[in-house]
1. Hand me the list of helices (runs of 4 or more DSSP H) wholly inside region 84-151 holding 2 or more residues that are surrounded by 20 or more Cβ atoms within 10 Å (Cβ to Cβ) and away from the ligand (no atom under 16 Å from the Cβ).
2. Residue check: is R213 in contact with a strand residue (DSSP E or B) (Cβ under 9 Å, 6 or more places away or on another chain) and either outside any loop (DSSP other than H, G, I, E, B) or of a type outside the set (V, I, T) (or both)?
3. Can you name the residue in region 299-313 that is open to solvent by 70 Å² or more (accessible area, probe 1.4 Å) and not in a strand (DSSP E or B) and is also nearest to N233 (Cα to Cα) among such residues?
4. Out of all the residues in region 216-235, which are open to solvent by 40 Å² or more (accessible area, probe 1.4 Å), touching a helix residue (DSSP H, G or I) at 6+ places or on another chain (Cβ under 6 Å) and assigned to a helix (DSSP H, G or I)?
5. Picking from D21, D40, D57, D50, which residue would you name as being more than 16 Å from the ligand (Cβ to nearest atom), among the acidic types (D, E) and in contact (Cβ under 8 Å) with a residue 60 or more places away in the chain?
6. Within region 170-197, track down each residue that is open to solvent by less than 20 Å² (accessible area, probe 1.4 Å) and more than 12 Å from the ligand (Cβ to nearest atom).
7. Taking the residues in region 158-169 that are among the hydrophobic types (A, V, I, L, M, F, W, C) and touching a helix residue (DSSP H, G or I) at 6+ places or on another chain (Cβ under 9 Å) as candidates, determine which candidate is surrounded by the most Cβ atoms within 10 Å (Cβ to Cβ).
8. For region 1-56, how many residues are polar (S, T, N, Q) and more than 20 Å from R159 (Cα to Cα)?
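The values are calculated or read from the model by the stated rules, or taken from the named source; none is laboratory data. As the structure is a computational prediction, the values presented were derived from the model and not from experiment. All Cβ positions, even for glycine, are placed from backbone atoms using ideal geometry, and neighbour counts span all protein chains on display. We work out accessible area using only protein heavy atoms, side chains counted, and drop any ligands, DNA or RNA first. Shrake-Rupley method; radii C 1.70, N 1.55, O 1.52, S 1.80 Å.
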Amino acid sequence: MRSYSLIAPAKINLYLQIVGDRPDGFHELIMVLQSIELADRVTVRSRSVDGIRVNCDNPAVPVDQTNLAYRAAELMMREFPEIYARFGGIEIDLQKRIPMGAGLAGGSSNAAAVLVGIDLMWSLGLTQSELQDLGAKLGSDIPFCISGGTAIATGRGERLAPLTGLNDFYVVLAKYRDLPVSTPWAYQTYRKNFSNSYPKTPEEIEAKKSQSREILNAIAHHDLRQIGQHLHNDLEKVVLPEFEKVQQLRDQFARLNSVGTMMSGSGSTVFALAESRSQAEEIMSGMRSNIPDSDLDLWVTKLSQSGVHLATH
Ligand code: C5P
């Protein structure tokens, strides 16, 4: 029976700006997304019986329809019913390393890996952009998770343009284990509190969009210090006042790290950029001693140029 194991990397947001409301109920965004080496492993194989089965090494992860990986398999079965009838059901194993409710696109990346894995298993020969169109039906971050690297994402977050790669740099991630933040809550609260300040005229919208110029320029020049100075995330305005512990991570990183720190996505992960592994490890041990809380998880990982890819062993 054919089986494919894929590496499904997490992402961080170097930039997340909310431009306004969209007619579909989502928000119009400008984001800079960056893959990191912290990744889950997703294995896809055929089953001798119909239907979908998801197994996960973390019992806290739901394995039913609420899991995006499950929904990705369901979507492929719906899109390719004859091939599904020929191959039978799908079994998915998730080996989780990316925390949940973290703003690191763990669920989206798992779904992206399921799409790529089923394409291989069923020999569909879909192009990357066809896979991304399928992914966009399930979640705004899935198209990016398929291609990965460094990219500017607009629209709901699904319209992508690649940027110069930044894989030489490191990042420290900090997240309280039992502190997830709901993405819909973060966006809805932002709308409630700030929609009266959304730009309205085409000139105002252009002016807002042009604020991303500095970080894009810094990325083009591979200048980590400048990137660090122009990190931005509008969702911090709603998450930090509500979650004191996320604010505390942000403050501690700022104290320890001169390069740059920011919350990723809707949180609750906060990250700090670093020029080298040793600098990242120094920041991580600083965090450990300044916040001696056993519920705090910390990782050192590298920025990466890879989206979902086949595991080599
Ligand atoms: O697309 P995805 O399902 O990952 O989005 C999760 C939630 O985040 C949406 O249900 C919506 O509340 C919010 N969201 C948004 N605007 C975006 C992307 C996400 O309001 N562009």
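1. Because the criterion is at least 2 residues that are surrounded by 20 or more Cβ atoms within 10 Å (Cβ to Cβ) and away from the ligand (no atom under 16 Å from the Cβ), the helices (runs of 4 or more DSSP H) in region 84-151 that meet it are 106-121.
2. When the stated conditions are applied, R213 does not pass them.
3. Q305
4. Selection gives Q226 alone.
5. It is D40.
6. V171, V172, L173, A174, K175, Y176
7. L166
8. Total satisfying the criteria: 6.
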